[in-house]
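First comes the structure, then the notes that go with it.
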Amino acid sequence: MKALKIIGSVLATLVCVTLLVYAGSIAMTALPMDHQEPAMMNADQVFEEEKPHVEETEEQPEEEQPEEEKPAEEQPEEVPQEEEPQEEQTLTPLSDYEEQARAYLEKMTLEEKIWQMIMTTPDKLAGQANATRAGEASQKFLEEKPVGGVCFFGGNLVDQAQAKVLVMSTQTYSKTPLFLAVDEEGGRVSRCGANENIDVTHFEAAAKYGEKGSENEVYSVGKTLAKELGVLGFNLDFAPVADVITNENNTEIGDRAYSNDPEVAGAMVSSMVKGMQRNGMAACLKHFPGHGSTEADSHDGLSVSTRTVDELRQTEWVPFKQGIDAGAAFVMVGHQTNKNLSELPASLSAVTYTHLRQELGFQGLAITDALNMGAITDYYTSAQAAVMAVQAGADILLMPNDLGTAVKGITEAIEAGTLTEARIDESVLRILETKYMFGIMQ
């Protein structure tokens, strides 16, 4: 009996232990499942949420790379493509525009034709010194006195925005589109480049480029000036200086000339003309028949040269000839008196224009140097100077001292028979042809 009780209690204990172990194992297996699942779910969620962010940051560089829009690299190709048509257009003979010019000329009155041969300043239009805007006074002036062009100076130009408005609004006031001119040679003759607010490059004096002898660099100077001045509305630059320095005491020209070597000067002048005109800016060679041998300043009074015609041919006229052959639209005739050509200032001397037209073959526009300079005003009235210049062969009279007197003098000369309307038509036709050629008139 006792033995049976012991066996029974042992069995009961074993059963309890077994049950406890079994229950414990169930409890142990249940607990990890509750904690692990949420942890795994969170990890999956984080991974899935991060994936789009990773993909976006990887895609962004690829989306911007198509913006490698290599048009930036294609831009250089646009420059040569632009230049070629402009070169062909610039080299087109004036005679190609004769029909258009004649049709326009036929509609002009004699008074309008005479005014077309005059180039003045913004100050004259506005009736005040250093005019910086073109308002009602300028508009009225151009309606009553339709000049062919306007030449701007440093005092008229404040900054780029103001210069644009002044130049372009002046153009809109004119019935017949204007030559809008500026003296931008570089160096000490710089109406725009010397003013940092105008955003036109201020280049070194011509002599610096003559020393380097780089035609490509001078071409680039001309091209840059054409584009930058064109942005402001200018269509004519009174550059380059084609003089050759043969007198070391010459201060009026000095470093404005490329060289005292005519061949070097000629190469530089030719390159400058091409650089300007292939990019739409009319160029003007100055100061025929050569101002490099004088000492006195023609701004202040009589300036005399003693060079013989043979010396002029061998030296002074070499750069002018090369500039003319390059297609220069204008030649400015100076006021220096060369006694081996004439007793008169070159700008009033028929002999000078004959050499320019017949010997050098120039068919473009001959413009006088400013007629308000001492070399002219000290000896001639505005009427006398205007009539003499037209009789000699000038197409455009630059800045006569008294505009009304100059026009009246020409009108009276026609009435008296010392000038003819046919002579006026000859110059005005050339003016109109040039305006059509450069796209100033359409």
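Values computed for the structure shown
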item: V318 of a type in the set (A, V, I, L, M, F, W, C), within 25 Å of A207 (Cα to Cα) and either modelled with pLDDT under 95 or more than 28 Å from the chain's Cα centre (by Cα) (or both); result: no
item: In the range 138-176, the residues that are closer than 24 Å to I198 by Cα, of a type in the set (F, W, Y) and either surrounded by 23 or more Cβ atoms within 10 Å (Cβ to Cβ) or touching a Leu at 6+ places or on another chain (Cβ under 8 Å) (or both); result: F152, Y173
item: Which numbered condition A239 fails, given (1) within 26 Å of M399 (Cβ to Cβ); (2) among the aliphatic types (A, V, I, L, M); (3) not in a loop (DSSP other than H, G, I, E, B); result: (3)
item: Scan of the range 320-346 for residues that are buried (at least 17 other Cβ atoms within 10 Å of the Cβ), assigned to a helix (DSSP H, G or I) and out of contact with any helix residue (DSSP H, G or I) (no Cβ under 6 Å at 6 or more places or on another chain), ordered by number; result: F320, K321, I324
item: Selection from the range 316-367 of residues that are of a type in the set (D, E), closer than 18 Å to T294 by Cβ and touching a residue at least 12 places away in the same chain (Cβ under 8 Å); result: E316
item: Where a residue in the range 134-156 is among the polar types (S, T, N, Q) and its partner, wherever it lies, is in a helix (DSSP H, G or I), with Cβ under 6 Å and at least six apart; result: S138/L125; S138/A126; N156/P122
item: Complete set of residues in the range 228-263 that are surrounded by 19 or more Cβ atoms within 10 Å (Cβ to Cβ) and aliphatic (A, V, I, L, M); result: L229, L232, L236, A239, V241, A242, V244, I245, I253, A257
item: Per-region count, the range 349-370, residues aliphatic (A, V, I, L, M), crowded, with 23+ Cβ neighbours inside 10 Å and in contact with a Ser or Thr (Cβ under 7 Å, 6 or more places away or on another chain); result: 1
item: When residues of the range 392-427 are limited to those that are more than 36 Å from the chain's Cα centre (by Cα) and outside any helix (DSSP H, G or I), the one farthest from V333 (Cα to Cα); result: G417
item: Among (1) within 30 Å of M437 (Cα to Cα); (2) out of contact with any Lys or Arg (no Cβ under 7 Å at 6 or more places or on another chain); (3) assigned to a loop (DSSP other than H, G, I, E, B), the one test that T294 misses; result: (1)
item: Breaking point among (1) in contact (Cβ under 8 Å) with a residue 40 or more places away in the chain; (2) farther than 24 Å from Q336 by Cβ; (3) outside any loop (DSSP other than H, G, I, E, B), for A265; result: (2)
item: Answer from A366, A386, A406 - the residue that is touching a Leu at 6+ places or on another chain (Cβ under 6 Å) and closer than 18 Å to T120 by Cα; result: A386
item: Qualifying residue in the range 274-293 (condition: of a type in the set (K, R), under 30 Å from K227 (Cβ atoms), in contact with a helix residue (DSSP H, G or I) (Cβ under 8 Å, 6 or more places away or on another chain) and touching a residue at least 60 places away in the same chain (Cβ under 8 Å)); result: yes
item: Residue selected from the range 122-137 under the condition of a type outside the set (D, E, K, R) and surrounded by fewer than 21 Cβ atoms within 10 Å (Cβ to Cβ), by the criterion nearest to the chain's Cα centre (by Cα); result: T132
item: Filter result (aliphatic (A, V, I, L, M) and in contact with a Gly (Cβ under 9 Å, 6 or more places away or on another chain)) within the range 336-366; result: A346, A350, L356, A366
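The values are calculated or read from the model by the stated rules, or taken from the named source; none is laboratory data. Small disclaimer: the values here were computed from a predicted structure and weren't measured. In this analysis, Cβ positions are derived from the backbone assuming ideal geometry, glycine residues included, and neighbour counts consider all displayed protein chains.
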